[in-house]
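Some notes on the structure that comes next.
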Amino acid sequence: MKRIIQWVLVVTLVFSGAKVLTSCSSNDDNAAAKGQVLEVFDVRGSEAKARLTIDGKEIFTTDVYIGKNGIGKTGEGDAKTPTGNLHVIKAFGVKTNPGTAIPYINVTTSIFACDEEGPYYNQVIDTAAVHHYDCKGEDMYHTVPQYNYGLTTDFNLDCEWPKGSNIFIHCKGPKAYTGGCIALDEDKMIEILRRCDLSLVVTIRE
């Protein structure tokens, strides 16, 4: 029943012209695999390694930042990165689409990542379109260089409060940790966007 209500909400928003840019449901129907894997491993506090492989071929291995308190996410605000497998829903960026096959959100001043309890929890929204002007979530346009480029994932697919929200793969910022996301150097983020599609699987382990 809960899932039916969520779908009714999303359909209602779509047909009313509202812009929920990532919903509580993944459109990643082809995640079964073309062999695109971003593996996060060798966790050391808020730092780790990430290796991108495509069809069994290593593309790169690089240093990344993860949650300030490491891995093992249990709830909103714990500053931890989840473990296990995640799938990609959308790409986004304050900068112009670098040529990705993944559906791309052009981040403008009204685009927010909502982390508040309510109908938009764990969703990227156009606050002007949905009239949620007082959103207390992340102002994505002004979160740079982190959101110059990024990917949204299907973490907490049911958007249940307060399980955690907005686990992204994005560019590194000025701090050597994130609030739970995975952060790479911008050139590596661009390489992922250009090489990968919706079959990309992100796997996180110790």
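The values are calculated or read from the model by the stated rules, or taken from the named source; none is laboratory data. Being a predicted model, the structure only gives us computed values, none of them experimental. Note that we place each Cβ from the backbone using ideal geometry, even for glycine, and neighbour counts take in every protein chain shown. Just so you know, the surface numbers come from the protein's heavy atoms only, side chains and all, with ligands and any DNA or RNA stripped out. Shrake-Rupley method; radii C 1.70, N 1.55, O 1.52, S 1.80 Å.
Quick notes on this one:
- The number of residues in region 182-196 that are in contact with a strand residue (DSSP E or B) (Cβ under 7 Å, 6 or more places away or on another chain) and over 12 Å from THR62 (Cβ atoms) comes to 3.
- THR83 vs. criteria of a type in the set (S, T, N, Q), in contact with an Asp or Glu (Cβ under 9 Å, 6 or more places away or on another chain) and within 20 Å of LEU200 (Cα to Cα): yes
- The lone exception for LEU184 - which of (1) under 16 Å from ALA113 (Cβ atoms); (2) open to solvent by less than 50 Å² (accessible area, probe 1.4 Å) it fails: (1)
- Residue in region 137-150 that is β-branched (Val, Ile, Thr) and over 25 Å from GLU58 (Cβ atoms) present: yes
- Residues that are at pLDDT 70 or above and not in a strand (DSSP E or B), drawn from region 1-23: LYS19, LEU21, THR22
- Region 72-99: number of residues that are of a type in the set (Val, Ile, Thr) and buried (at least 20 other Cβ atoms within 10 Å of the Cβ): 4
- Residues satisfying the stated conditions in region 26-62, i.e. aliphatic (A, V, I, L, M) and modelled with pLDDT of 95 or more: VAL37, LEU38, VAL40, VAL43, ALA48, ALA50, LEU52, ILE54, ILE59
- Residues in region 35-49 that are touching a strand residue (DSSP E or B) at 6+ places or on another chain (Cβ under 8 Å) and part of a strand (DSSP E or B): GLN36, VAL37, LEU38, GLU39, VAL40, PHE41, ASP42, VAL43, GLU47, ALA48, LYS49.
- Highlighted here are the strands (runs of 3 or more DSSP E) found entirely within region 82-177 that include at least 2 residues which are small (Gly, Ala, Ser) and closer than 29 Å to GLN36 by Cα: 84-93.
- Annotation: of all residues in region 143-166 being of a type outside the set (Phe, Trp, Tyr) and under 16 Å from GLU116 (Cβ atoms), the one that is surrounded by the fewest Cβ atoms within 10 Å (Cβ to Cβ) is GLU160.
- Candidates in region 112-140 are the residues that are surrounded by 24 or more Cβ atoms within 10 Å (Cβ to Cβ) and aromatic (Phe, Trp, Tyr); of these, the one that is nearest to the chain's Cα centre (by Cα) is PHE112.
- Flag for GLY45 being open to solvent by 30 Å² or more (accessible area, probe 1.4 Å) and either of a type in the set (Lys, Arg) or within 14 Å of ILE182 (Cα to Cα) (or both): yes
- Unique match (being among the acidic types (Asp, Glu), farther than 19 Å from LYS19 by Cα, open to solvent by 20 Å² or more (accessible area, probe 1.4 Å) and outside any loop (DSSP other than H, G, I, E, B)) among GLU206, GLU191: GLU191
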